[in-house]
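The values are calculated or read from the model by the stated rules, or taken from the named source; none is laboratory data. Predicted model, so just to flag it, every value in this text is computed and none were measured. Neighbour counts run over all protein chains shown; Cβ positions are idealised from the backbone, glycine included. For accessibility, only protein heavy atoms count, side chains too; no ligands or nucleic acids. Shrake-Rupley method; radii C 1.70, N 1.55, O 1.52, S 1.80 Å.
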Amino acid sequence: MYPFQMDKIMNDKPSNGSPKARWVSHVGGMACASCVSRVERALCNVPGVISANVNLASGTATVEYNPGAATAENFRAAVEALGFTVPVVAPGDDPVARQEQMQLEEEKKLLSRLWVGLACGVPLLALSHGLMLIGAEHIMPMSRFSQAVLQFLLATPIQFYSGSRYYRGAFTSARHGSANMNTLVAIGASAAYFYSVVATFAPRWVSAKGMEAHLYFETSAAIIVLVLVGRYFETKARGRTSAAVKRLIGLAPKTARLILEEGEADVPIETVETGDRVVIRPGEKIPVDGVVEEGHSSVNESMFSGEPIPVNKEPGSVVMGGTINLNGRLVFTATRVGRETMLARIVAMVREAQGSKPPIGRLADALASYFVPLVMAAAALTFFVWYFFGPEPRGTYALVNMISVLIIACPCAMGLATPTSIMVSTGRGAEMGILVRDGAALETARKITTILLDKTGTVTRGRPEAGSVRAVSGGGFSGEAGERELLYLAACAESGSSHPLADAVARAAGKKRIEINAPREFVQIPGKGVRAVVDGHVVLSGSLSWLDESGVSCASLADLVAEISDSGGTPICLAVDGLAAGVIPITDAIKEGAAEAIRQLREMGLDVVMLTGDNPRTAENVAKEVGIDRVIAGVLPDRKAREVLALQKEQKIVAMVGDGINDAPALAQADIGIAIGTGADIAVESGDIVLMRGDLKGVVSAIHLSRATLRNIKQNLFWAFAYNVILIPAAAGVFYPFFRLLLNPVYAAAAMGLSSVSVVANALRLKNFRPPA
């Protein structure tokens, strides 16, 4: 459950170009899948709504809408018009604390009603079977009427206190012209109770042929108590489905130690602002994201990356809120605070995914929306068939079997089958460093047939290193001094670029203590290179083909480029004032475990393709080393998206794995975009799945998690539907002519409660998910 409300303006836009907003709120009173369908329909009918999604397991509604056409009050009114509740949450409320409070209140309410039910139900059950009368008839003789009245007195508190939630829910639904699980329980229990009341105080009305009317007070009480038992354990189990999110939220400390004018002071984490200087001592949790100014230490980042090895931090290193400083004092400048920290964004992403619904879940909800009316029709048909065609006592048979049909039906299990699995699996994924944006991504990931891998930062480490400058003979940059000057010009020209290769050139210049100046003019051509004016010289830095396109004679560079490419390096070609000047070789080590991950992907039956903007020779060498057979190289960012589209036209389900700005179009175009979380923000935002570790093994784990989740959902749906398909006919007495079998309503109530609990328990098994070794 998420007892919070949130209006959030999002970066993406609907088709009309206006900004899109999201409203998320807890919805109280939902009992089963039919409630979900009603709330979704009502929200979708509000003008300005783009999409609406309601999650029974979390008890939340999520609406994407045009803020100029709809408001939160419109959504509140639409939901409350159906008889459900939308809590008002003050801006300063802690949503996590409120969530836990509401969870505990719900459990306490169920438990108090359950205790009353048990306190009255146990003696009622004993009395109905004559157990209390053994040896007591000499002390206090009781007539049949006295026994009936005593049963009535014991059953009434159970009926109208313990069962009050079902009566309220049924009345609210009836007032709005619908029915749900509460309706089925209320009608079933009421039929048994009020029949017994009549049999107690006006027995002639229900007696037949001199036979005494049987009492069903213990049946009505058992129905309510057993359904309450199931609901209580279901509520407890559903609370565990969001345990992963609670653990993530618990990573953040409550205070931060700031360096102020008057000295160091502990302040609430909510008051920390961007630019504040924060002190972290050994063993403390880092409160917000920032960049280290002073000190050296190791930081445990396993809560994000899943990697147990501590990460060394020094001046210039990035630290993230929620991680643990191990053995040194650090001073860092806060760069992201509040909802902008990595931890807050992960929590928001996981919450969004847990509230989402994959296509298989929407299909299940659509089927379940017709379920309650069909069950009521089946119960009515059961009553009339047994009453007019059944054996004597026909009225008793008709009543008991009708009650069994109403009670055995379990639309709640259908509504919980999908969302509980999604909530648990996305939480487990977050613990493993795999962030899933929505349920649809989990469902699609298991269908992947082709995986496209970017090279730099995905297959390789993404931290290229520049080698010594290779100047062409006769190019004006011969000797050590000439190579130093050429490196200076290249570093200045590349200083305006954020490309990893530009960073490698800058670091190489820094190692030689070359001062880098900003270029006077700078133009970057994505996927090709840069053109800049440095100290009056026109400098071109980029691929050999681009220099050739720019009118530079590149014959003197060809051999150098071939030599570097054949050795697995990437050549940056340089031209100064229109003349070829030299080449800087860039090498990028292959990530540890990349070859093993690619082998596992191929063993899973997937086609693995390298899609890179690097030159073909370099790409082929890297691909050969990691075991990739097919390479598409020299691809510009827009063409990457076209390559994805071409594969999709071949009826392939395509996943794109990348980490750079140039990967964003392909990540968006692919059926599943898998972004490396250590990469550019735009790549991360374009991904359907984000891997917090820069490790390709995360791709393997994500696909296995997807397959395990869908397998779990199918198990839940099979159990929920098969349970109803088999037991509703049994409850109706279909098997009676053949096997003389009838289903007692008490057993029907127990089975109904067990159905919901078993679905949630099965989903909770995903908490123990481990990818195959």
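Which of the following residues is assigned to a helix (DSSP H, G or I) and within 26 Å of Leu150 (Cβ to Cβ): Gly188, Gly169?
Every option except Gly188 fails the conditions.
Quick one: is Leu326 open to solvent by 10 Å² or more (accessible area, probe 1.4 Å), in contact with a strand residue (DSSP E or B) (Cβ under 7 Å, 6 or more places away or on another chain) and at pLDDT 80 or above?
yes
Test Leu742 against the criterion of being closer than 30 Å to Phe217 by Cβ, part of a helix (DSSP H, G or I) and in contact with a helix residue (DSSP H, G or I) (Cβ under 7 Å, 6 or more places away or on another chain), and give yes or no.
Working: closer than 30 Å to Phe217 by Cβ: yes; part of a helix (DSSP H, G or I): no; in contact with a helix residue (DSSP H, G or I) (Cβ under 7 Å, 6 or more places away or on another chain): yes.
Considered against the rule, which asks whether it is closer than 30 Å to Phe217 by Cβ, part of a helix (DSSP H, G or I) and in contact with a helix residue (DSSP H, G or I) (Cβ under 7 Å, 6 or more places away or on another chain), Leu742 comes out as no.
The rows are residues; the columns are (1) in a strand (DSSP E or B); (2) at positive phi; (3) open to solvent by less than 20 Å² (accessible area, probe 1.4 Å).
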residue: Ile584; (1), (2), (3): yes, no, yes
residue: Gly605; (1), (2), (3): no, yes, no
residue: Lys624; (1), (2), (3): no, no, no
residue: Ile628; (1), (2), (3): no, no, yes
residue: Leu647; (1), (2), (3): no, no, yes
residue: Gln651; (1), (2), (3): no, yes, no
residue: Ala664; (1), (2), (3): no, no, yes
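Which condition from (1) closer than 30 Å to Gly673 by Cα; (2) among the aliphatic types (A, V, I, L, M); (3) out of contact with any strand residue (DSSP E or B) (no Cβ under 7 Å at 6 or more places or on another chain); (4) in contact (Cβ under 8 Å) with a residue 40 or more places away in the chain is the one that Ala378 breaks?
(1)
Taking the condition outside any loop (DSSP other than H, G, I, E, B), out of contact with any helix residue (DSSP H, G or I) (no Cβ under 6 Å at 6 or more places or on another chain) and open to solvent by less than 40 Å² (accessible area, probe 1.4 Å), does Ala490 pass?
no
Given the structure, is Arg707 open to solvent by 20 Å² or more (accessible area, probe 1.4 Å) and at pLDDT 90 or above? Walk me through how you get there before you give the answer.
Working: open to solvent by 20 Å² or more (accessible area, probe 1.4 Å): yes; at pLDDT 90 or above: yes.
Against the criterion (open to solvent by 20 Å² or more (accessible area, probe 1.4 Å) and at pLDDT 90 or above), Arg707 qualifies.
Can you tell me which of Ala90, Ala57, Ala97 is at pLDDT below 85 and open to solvent by less than 20 Å² (accessible area, probe 1.4 Å)?
When all the criteria are applied, what remains is Ala57.
Which one is most open to solvent (accessible area, probe 1.4 Å) among residues in segment 418-461 that are in contact with a Leu (Cβ under 8 Å, 6 or more places away or on another chain) and part of a loop (DSSP other than H, G, I, E, B)?
The extreme case among them is Arg446.
Can you name the residue in segment 266-290 that is open to solvent by less than 30 Å² (accessible area, probe 1.4 Å) and assigned to a loop (DSSP other than H, G, I, E, B) and, of all such residues, is nearest to Leu330 (Cα to Cα)?
Within segment 266-290, the match that is nearest to Leu330 (Cα to Cα) is Ile286.
How many residues does segment 730-748 contain that are surrounded by fewer than 16 Cβ atoms within 10 Å (Cβ to Cβ), at negative phi and without any contact (Cβ under 8 Å) to a residue 60 or more places away in the chain?
Adding up the residues that qualify gives 6.
Quick grid of which residues meet (1) over 38 Å from the mean Cα position of the chain (by Cα); (2) over 16 Å from Gly462 (Cβ atoms); (3) modelled with pLDDT of 90 or more:
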residue: Cys573; (1), (2), (3): yes, yes, yes
residue: Ile586; (1), (2), (3): yes, no, no
residue: Ile590; (1), (2), (3): no, no, no
residue: Leu601; (1), (2), (3): no, yes, yes
residue: Gly613; (1), (2), (3): no, no, no
residue: Val622; (1), (2), (3): no, no, no
residue: Gly627; (1), (2), (3): no, yes, yes
residue: Pro637; (1), (2), (3): no, yes, no
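Identify, from the list Ser541, Ser556, the residue that is open to solvent by 40 Å² or more (accessible area, probe 1.4 Å) and under 13 Å from Val583 (Cα atoms). Explain how you work it out, then say what you get.
Working: Ser541 fails: open to solvent by 40 Å² or more (accessible area, probe 1.4 Å).
Criteria check complete, one pass: Ser556.
For segment 462-476, how many residues meet the condition of being under 21 Å from Leu501 (Cβ atoms) and open to solvent by 50 Å² or more (accessible area, probe 1.4 Å)?
Qualifying residue count, segment 462-476: 4.
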